[in-house]
Amino acid sequence: MLSKTGRLLACAAVLLSSTQAHAAGLYFSDRGVRPLGRGGAFVAGADDLGAMWYNPAGLADAGTSILSDFSWLHFTSEYTRRSQATDLNGTVRNYDYPTVNGTSPVLPIPTLGVSYAFGAKKEWTGAFGILAPYTAITSYPLTVNGQPAPSRYSLVSLDGSALVVPGLYMAYKPIEEVRIGIGLQALVGTFASTEVFSACPTDHLVCAPEDPTYDSFAQLKVGPIFAPSGNAGVTFVPEKHVRIGISGQLPFTINAPATVKVRLPNAVVFDKAQQVGTDAHVRFKLPAVLRAGIEGRNEFANKSLLRVEAAYVREFWSAHDSINITPDNITLVNIQGFPSPFGVAPIGLPRNFKDSNSFRLGGEYTLAVGSYVIDVRLGLNYEQSAVPNAYLSPLTIDLDKVTLGIGGGLHIGEHLRLDGVYAHVFTGSATVSPSEAAVPRVNPVRGNPTPVDAINGGAYAARADVLGVGLNYKF
């Protein structure tokens, strides 16, 4: 009985550090100030350094240039937990907990890039860039109305996480009708989080479910992370009014060290207990991505230019079927009534995500206003969630969503363009019934048939706003 307590404590700490890593892989919004103003419809029409993310073939039109932009993703969420319990008479009852709200900090998310065009006809373009995914660095309260928050077993905070994607790119335009691009990238950085988990054994013989004295506060860090990947794309221009773009992103495979620092529970059986060792390894995949788009262009008599693109994106999240955790000799000692020390075995957490589809329509209209040239951008984006209903949790809130982007650019002289964007991410809501909830409290004892309580039942809602500014200078 106490063996379950000790093993649950150590393994849950390792597990939680890995699930946080996955949350940073769930991009809540598409990225880039100019592309987001077009609703993310920037595959065929990519022609500046924003092409590094969407279609590297578009770098062939970037010339020698510099791009810098920064965006703030303001994410908020609500979670009302619901659980089931069976009373002494065998009656199953549902219990609702107080609603908790998740928020994100003011944190600028960058796009930084530089390109250089060379060759007899400037047909080659090399580029280097540093990008960051538009992810929600979410925090939830530890307490609600003086009681432990019902979200605490999923997430307290992701503060301290930092991920970027540096990359080297090359584009080639052999003829005006064809552009080809390729990129070598890596996901690098660290994840940091704080979590609370329960060390109460699943059979509840020594404690009540979610007894706060069996709660343990953990400080978790995954990294350094180095996950190489790459992308490639082509753009065809069959005639001057039409562009067709196709690109693909290889998956990122995360295989990173993790460290776990745990404050043991206040329960009597842990009075003399200690954790020995803090190291583990985490392995899982982030998806490959396929993008395709077709853009129509028309220049009017007054020299204004209208560009409209329809694009489709498929993210292959089905590759993210599990998270695998291998402890590096983590043990607990001096748990009352249990042999000491003992090692923690490798465990896996099923995720069972699904592929998602996104449909985008957007464009921009360039015109002269007095002595200035301006761009007006507008776009709409519908994206399916990759998270099955049963696996939603405060840590992995991803719902079907519609993004409306509004942006613009101001050209100053022949070389400089200033950009801005506002986008709102509309989502619906989802309810996970306690009977279908599938995110468990970890029970790492192999072969133990005791049912594991799920912790993610309840009602979910989320939304986000994106504000961004940037500049592009073309030499």
In whole Å, what is the distance between the alpha-carbon centres of region 70-145 and region 28-55?
19
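Counting other Cβ atoms within 10 Å of each Cβ, which trypsin sites (Lys or Arg not before Pro) in region 116-203 have at most 15 and sit in a DSSP loop?
On the way: sites: Lys121, Lys122, Arg152, Arg179; in loops: Lys121, Lys122, Arg152.
Filter output for region 116-203: Lys121, Lys122.
How would you rank Val276, Val156, going from fewest to most other Cβ atoms within 10 Å of each one's own Cβ? List each step's numbers first, then the result.
Details: Val276 14, Val156 23.
In increasing order of surrounding Cβ atoms, one gets Val276, Val156.
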Taking amide H atoms as placed 1.01 Å from N in the peptide plane, list the residues 5 or more away in sequence, or in a different chain, whose amide H sits under 5 Å from that of Asp159.
Thr194
Can you give the helix-only mean residue ellipticity at 222 nm for the chain, where every DSSP H stretch with n ≥ 4 adds -39500 (n - 2.57) and the sum goes over all residues, rounded to the nearest 500 deg cm²/dmol?
-2000 deg cm²/dmol
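What trypsin sites (Lys or Arg not before Pro) in region 251-291 are in a loop by DSSP, with at most 15 other Cβ atoms within 10 Å of the Cβ?
Details: sites: Lys261, Arg263, Lys272, Arg283, Lys285, Arg291; in loops: Lys272.
Within region 251-291, the qualifying trypsin sites (Lys or Arg not before Pro) (loop, at most 15 other Cβ atoms within 10 Å) are Lys272.
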Mean separation of Cα contacts under 8 Å (at least 6 apart) over the residue count of region 2-474, i.e. the relative contact order in percent, is 19
Separation between Cα centres of region 205-254 and region 360-432, rounded to whole Å
20
A chain fully extended from Asn334 to Val469 at 0.36 nm per residue, minus the present Cα-Cα distance, gains in nm 43.0 nm
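Exposure proxy check: Asp47, Asp355 ranked by fewest other beta carbons within 10 Å? Don't jump to the answer; show the numbers that get you there.
Values: Asp47 22, Asp355 15.
Ascending Cβ contact count within 10 Å gives the list Asp355, Asp47.
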Work out, in µm²/s and without decimals, the Stokes-Einstein translational diffusion coefficient of region 39-94 at 25 °C, 0.890 mPa s, Rh from Kirkwood over C-alpha pairs.
154
Note: region 2-474 at 25 °C, 0.890 mPa s; Kirkwood Rh on alpha carbon pairs; Stokes-Einstein D in µm²/s works out to 103
All lysines inside 28 Å of Lys122 as judged from Cα atoms, apart from same-chain residues fewer than 8 positions distant:
Lys173, Lys240, Lys303, Lys474
Quick one: 3J(HN,Hα) in Hz for region 109-125, Karplus 6.51/-1.76/1.60 with θ = phi - 60°, rounded, Gly and Pro as x.
9, x, 10, 10, x, 9, 9, 9, 9, 8, x, 4, 10, 6, 7, 10, 9
For region 108-230, what's the radius of gyration and Dmax over Cα atoms, in angstrom?
23.5, 79
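Mean 1/r over all different Cα pairs, inverted: what Kirkwood radius does region 204-358 give, in Å? Could the numbers behind the result be given before it?
Values: mean 1/r = 0.0490 Å⁻¹.
About 20.4 Å for region 204-358.
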Per-residue Cβ neighbour rank within 10 angstrom, fewest leading, Cys200, Cys207:
Cys207, Cys200
To the nearest 10 degrees, how steeply does helix 2-25 sit against the main Cα axis of the chain, on a 0 to 90 scale?
10
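Every read-out reported here was derived from the displayed coordinates using simple, explicitly stated rules and does not represent laboratory data. These numbers were taken from a predicted model, which means no experiment stands behind them. Methodologically, a virtual Cβ is constructed for each residue, glycine included, from the backbone with ideal geometry; neighbour enumeration extends over all protein chains shown.
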